[in-house]
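Structure first, commentary second.
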Amino acid sequence: MILILSQAHLEASTEEVMDWIERLGGRCLRLNGEDFDGDAALAWSVDGGEVRLRIGMGGGPPGAAPEPAAGAATLALPLAEVRAVWFRRWLGERRHESAELFASPPDAQGLDHRLRRHLTLESRKLADFFFARLAGRPWLSHPWRASPAKLEVLAHAARLGLAVPATLVTTERDELRRFCVAHGTVVTKPIGEVELFLHGGRRHFMYTAALDLAAVERLPERFAPSLFQERLEKSYELRVFCLDGECHAMAIFSQRDQQTRIDFRNYNRQRPNRNVPYRLRPSTASALARLLRELELETGSIDLIRTPDRREVFLEVNPVGQFGMVSKPCNFGLERKLAEHLLRLAGSGPAGAGEAAHGGR
Amino acid sequence: MADGDGGRGVDANGSRGAGERFFDLLSADGQRLAPVAYRFLHSQPAGEGGPARLATSRHYRARGYVCFAFHKPISKCLAGPEASPGDDTGGEEAERRAGEEKAAAPAISPRAPGAAAFALFACCVPVRGARRSVICDLQRQSLHFIPNGLYEILTEHRGKTTAAVKEHYAHEADEEIDEYFDFLLREELGFWCDDPESFPDLDLSWDPPERITNAILDVDAGSAHDYPAILRQLDDLGCKALEARFFHACRLGDLTALLAAAEGGRLRSIELLAGWGEELVPPALEGLAAAYQRLSGIVVHSAPPWRQHRWTVERLGTAMEYVTERIDSPRCCGKIHPGQLVVNLETFAEARQFNSCLNRKVAIDARGEIRNCPSLPRSFGNVREVSLHSALAHRDFPALWAINKDQIAVCKDCELRYVCTDCRAYLSEGAGLYSKPATCTYDPYTATWNPPAAAAAAGSAKGDTP
């Protein structure tokens with residue numbers, strides 16, 4: 001059986017992979033981060049020399065009406081039957097991050113934050129217990145390997161012959177000015193992940209932002225450590241999903257639209273950017289496959305920029321990136337390929353390889 | 001590409017002219033601790049995200065199960081609009097619209113082609129018809145009619161430079177060719193590139209995991225369906241979309257009985273067609289949409305004329321409509337008109353291989369008979385005695401699925417053949433099972449929609465024969 005670690009919300013791609021596992025004759029079970037956040041009944045014990053874990057999941061999440069008769073449909077996770085694990089996501093948002101935790105506002109400053117932080121750490125630790133319990137099975141993207149250091153990855157990519165942008169992390173305006181003089185306009189982006197803040201009825205997105213020399217001069221002499229890269233001229237942005245050493249690439253024509261020319265995630269919904277299949281140069285494709293192999297990533301979502309002088313410049317890799325946004329517009333069928341990959345990991349092989357087509361194929 | 005915004009300070013004020021700047025909300029300490037990226041956050045009004053419908057699904061253990069409308073009409077009971085949109089030749093209409101949109105449109109690069117070749121975006125697929133062709137924009141879901149001459153340029157002369165194309169036509173059509181490319185660029189259907197080999201075609205194969213993708217369930221005052229049993233079987237087949245057609249005047253309870261039975265299941269879309277009954281007032285319908293978010297639309301038929309109205313529910317996007325047409329039996333189905341054309345990748349890819357109406361469809365009529373479609377005579381047994389699974393296993397059940405538009409008389413010459421969802425129940429004469437749908441008034445040999453009904457009623461000589 002394939003265990004899928006996911007979250008309870010907005011996982012249409014995960015569900016399609018589940019459909020494929022079923023269609024190809026496999027079995028899977030989905031466990032959501034929310035199960036560890038109150039949805040499931042958990043019991044862990046150290047029993048003699050062994051750790052025992054019991055997870056009691058209802059037939060569905062609570063509130064899924066009509067709820068099956070109590071007890072009858074409670075399903076214990078059969079850990080022994082798990083042959084492979086797919087880590088898709090865990091908890092997008094922990095319940096205690098959004099919940100009102102105090103009956104009335106606490107009098108001590110920062111107490112609320114302290115409580116939330118502790119609950120989050122506890123919840124992370126518990127998840128780690130669980131992930132450790134599944135050691136020894138093949139994982140597709142282990143969460144402990146889910147965030148390779150950006151700078152190391154860039155250097156690694158460059159060693160493999162990939163073009164990469166000049167990159168600087170600094171706290172000093174003088175340093176940034178020199179960088180800016182050498183490379184022209186630069187962009188800044190978070191060292192880790194992007195974030196979105198809601199305030200005053202507005203959303204504030206951390207899209208990649210561009211700074212020219214004038215903007216640099218307006219910065220204070222010292223600032224918090226920040227990441228800068230040379231701003232590359234873009235013909236298109238490339239988004240590549242790599243699985244099993246095979247690259248599935250899509251070109252995003254974000255450049256012709258003012259709204260998306262710095263960062264395509266600033267979607268234009270009226271006239272969406274053109275997203276079309278793209279054929280990477282063989283040297284780029286093989287270097288990317290090798291990079292993932294050497295980073296020990298089974299799968300990855302890779303961002304590149306195609307420059308007007310036809311270079312394919314590597315930006316970054318996200319090990320648990322989404323594949324639906326590449327698979328759907330290009331009709332790559334990645335959901336099926338993922339299911340087949342998982343079935344191979346689980347040692348069951350894609351059953352039904354010779355199955356009768358149901359009006360399909 | 002020339003980059004014009006270098007001197008503008010770029011995004012030095014991330015929230016240009018748009019209220020607060022996030023960075024300004026921070027204290028002196030906050031500003032000191034925040035990386036430079038925080039000074040350039042992009043601000044936009046909240047709540048802009050598209051409508052969303054979420055349900056729960058026990059099968060997938062999903063609480064936020066994303067629900068969306070099926071990619072094409074499941075049945076075709078409603079008559080079309082009076083006018084015939086898209087009835088034009090040679091992209092004139094598109095050109096006119098392009099003119100209107102020009103101000104709002106992002107700048108295209110009218111870069112001199114030089115050594116470059118014109119490439120259509122892979123999602124813009126040209127289809128040739130007898131008299132004209134069409135570019136199906138499968139991403140933005142629109143049609144752009146083009147002359148067959150342009151089709152030829154885009155296909156036979158694909159990858160050639162403009163100079164080479166002009167040369168091929170012995171420079172007798174230079175001006176038209178320039179106009180063609182201007183049109184394609186303005187409509188953003190393609191781009192100049194010097195490496196067309198980097199841009200492969202879309203893979204147009206079609207094979208979703210579901211054994212059945214969509215189903216029709218007919219209900220009348222005398223029906224005695226066991227909804228939970230039927231829905232359980234549809235779930236087992238992986239079915240994601242259901243249209244239920246209630247031919248009689250309905251009470252709210254008739255609809256909730258079905259909707260409640262679908263809760264927690266696998267369907268992502270339920271469309272209802274229900275006979276007007278006085279309980280089906282707009283607030284009640286909106287209440288259903290909020291309570292049962294699998295609902296992607298309700299059409300109330302046989303409504304009094306003053307009820308005629310069409311809207312979408314805020315936040316959910318559920319499509320609601322009252323129509324005066326009387327839809328009291330499966331015989332109302334099979335209406336082909338411009339309003340039924342669907343331009344998207346799924347439909348297009350499916351239609352190239354399979355029958356665009358019947359493929360992977362199952363229907364249960366008001367008496368419980370299992371059919372390919374309620375309008376077809378053949379029954380594969382009654383759902384009370386035969387499981388859907390075994391009905392589908394019958395050799396003849398999938399037979400009709402394989403009749404694609406390339407095999408159908410007249411349709412095979414029609415440029416709209418992959419965006420049309422066909423009908424195999426009501427056929428015109430001539431080619432038996434491979435005849436054109438009876439209600440289609442489009443004539444691909446003249447590229448005109450004949451006036452609906454009028455032509456047929458008058459027994460006009462202007463039939464749809466070539």
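Can you tell me how many residues within region A:76-129 are outside any helix (DSSP H, G or I) and farther than 27 Å from A:Glu16 by Cα?
Number of matching residues: 12.
For region B:361-372, indicate whether the set of residues that are within 21 Å of B:Asp137 (Cα to Cα) and in contact with a Lys or Arg (Cβ under 9 Å, 6 or more places away or on another chain) is non-empty.
No, region B:361-372 contains no residue that is within 21 Å of B:Asp137 (Cα to Cα) and in contact with a Lys or Arg (Cβ under 9 Å, 6 or more places away or on another chain).
Quick test of your reading of the structure: B:Gly368 fulfils all but one of (1) within 30 Å of B:Leu204 (Cα to Cα); (2) in contact with a strand residue (DSSP E or B) (Cβ under 9 Å, 6 or more places away or on another chain). Name the failing condition by number.
It is condition (1) that B:Gly368 fails.
Of all residues in region A:159-173, count the ones that are free of Cβ contacts under 8 Å to residues at least 60 places away in the same chain and either polar (S, T, N, Q) or within 14 Å of another protein chain (Cβ to nearest Cβ) (or both).
Residues meeting the conditions: 5.
Among the residues of region A:21-32, is there at least one that is in a loop (DSSP other than H, G, I, E, B) and either at pLDDT below 90 or within 11 Å of chain B (Cβ to nearest Cβ) (or both)?
Yes, region A:21-32 contains a residue that is in a loop (DSSP other than H, G, I, E, B) and either at pLDDT below 90 or within 11 Å of chain B (Cβ to nearest Cβ) (or both).
So B:Arg158 passes all but one of these: (1) modelled with pLDDT of 95 or more; (2) out of contact with any Asp or Glu (no Cβ under 6 Å at 6 or more places or on another chain). Which condition number does it fail?
Among (1) modelled with pLDDT of 95 or more; (2) out of contact with any Asp or Glu (no Cβ under 6 Å at 6 or more places or on another chain), the lone unmet condition for B:Arg158 is (1).
Conditions tested, residue by residue: (1) at pLDDT 95 or above; (2) farther than 28 Å from B:Ser428 by Cα.
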| residue | (1), (2) |
| --- | --- |
| B:Gln293 | yes, yes |
| B:Arg307 | yes, yes |
| B:Val313 | yes, yes |
| B:Pro338 | no, no |
| B:Val343 | yes, no |
| B:Ala366 | yes, no |
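Take the residues in region B:320-330 that are surrounded by fewer than 19 Cβ atoms within 10 Å (Cβ to Cβ) and in contact (Cβ under 8 Å) with a residue 60 or more places away in the chain, then tell me which one is farthest from B:Val127 (Cα to Cα).
B:Asp328
Which of the residues spanning region A:207-228 are surrounded by 13 or more Cβ atoms within 10 Å (Cβ to Cβ) and more than 8 Å from every other protein chain (Cβ to nearest Cβ)?
Matches in region A:207-228: A:Thr208, A:Leu213, A:Val216.
Counting just the residues of region A:130-160 that are aromatic (Phe, Trp, Tyr) and under 19 Å from the mean Cα position of the chain (by Cα), which one comes out nearest to A:Thr188 (Cα to Cα)?
So the residue we want is A:Trp144.
Would you be able to tell me the number of residues in region B:348-374 that are part of a loop (DSSP other than H, G, I, E, B), at the interface with chain A (Cβ under 10 Å from one of its Cβ atoms) and among the polar types (S, T, N, Q)?
2
Have a look at B:Leu202, B:Leu143, B:Leu189, B:Leu231 and point out the one that is on the phi < 0 side of the Ramachandran plot, over 21 Å from the mean Cα position of the chain (by Cα) and of a type in the set (A, V, I, L, M).
Going through B:Leu202, B:Leu143, B:Leu189, B:Leu231 in turn, the sole match is B:Leu231.
Yes or no, residue by residue, for (1) at pLDDT below 80; (2) within 14 Å of another protein chain (Cβ to nearest Cβ):
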| residue | (1), (2) |
| --- | --- |
| A:Glu34 | no, yes |
| A:Ala43 | no, no |
| A:Gly58 | yes, yes |
| A:Phe87 | no, no |
| A:Leu91 | no, yes |
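Of all residues being part of a loop (DSSP other than H, G, I, E, B) and of a type outside the set (A, V, I, L, M) in region B:375-384, which is farthest from B:Tyr418 (Cα to Cα)? Just the residue, please.
Per the criteria, the residue is B:Arg384.
Pairs needed: first member in region B:205-230, farther than 16 Å from B:Val383 by Cα; second member anywhere, hydrophobic (A, V, I, L, M, F, W, C) and modelled with pLDDT under 95; C-beta distance under 9 Å; at least 6 residues apart or different chains.
So the pair list comes out as B:Asp207/A:Ala357.
Taking the criterion of being crowded, with 19+ Cβ neighbours inside 10 Å, out of contact with any Asp or Glu (no Cβ under 9 Å at 6 or more places or on another chain) and without any contact (Cβ under 8 Å) to a residue 24 or more places away in the chain, would at least one residue in region B:383-391 satisfy it?
no
Table: residues versus (1) at pLDDT below 80; (2) within 14 Å of another protein chain (Cβ to nearest Cβ); (3) closer than 25 Å to B:Leu267 by Cα.
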| position | (1), (2), (3) |
| --- | --- |
| A:Ala8 | no, yes, yes |
| A:Glu16 | no, yes, yes |
| A:Val46 | no, no, no |
| A:Pro62 | yes, yes, yes |
| A:Pro105 | no, no, no |
| A:Ala108 | no, no, no |
| A:Leu115 | no, no, no |
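Looking only at region A:320-341, filter to residues that are more than 11 Å from chain B (Cβ to nearest Cβ) and part of a loop (DSSP other than H, G, I, E, B); which one of those is modelled with the highest pLDDT?
This residue is A:Phe323.
Here is a yes/no grid of residues against (1) within 11 Å of another protein chain (Cβ to nearest Cβ); (2) modelled with pLDDT of 95 or more:
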site: A:Gln258; (1), (2): yes, no
site: A:Ile262; (1), (2): yes, no
site: A:Tyr278; (1), (2): yes, yes
site: A:Leu315; (1), (2): no, yes
site: A:Asn318; (1), (2): no, no
site: A:Leu343; (1), (2): no, yes
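When you check B:Arg395 against the structure, is it within 16 Å of the chain's Cα centre (by Cα) and over 24 Å from B:Ala244 (Cα atoms), yes or no?
Considered against the rule, which asks whether it is within 16 Å of the chain's Cα centre (by Cα) and over 24 Å from B:Ala244 (Cα atoms), B:Arg395 comes out as no.
For residues that are touching a helix residue (DSSP H, G or I) at 6+ places or on another chain (Cβ under 7 Å) and more than 10 Å from every other protein chain (Cβ to nearest Cβ), scanning just region B:183-204, find the one that is modelled with the highest pLDDT.
For region B:183-204, the residue satisfying everything is B:Phe183.
The values are calculated or read from the model by the stated rules, or taken from the named source; none is laboratory data. Owing to the predicted nature of the structure, the values given are computational and were not obtained by experimental measurement. Backbone-built Cβ (ideal geometry, glycine too); neighbour counts: all protein chains shown.
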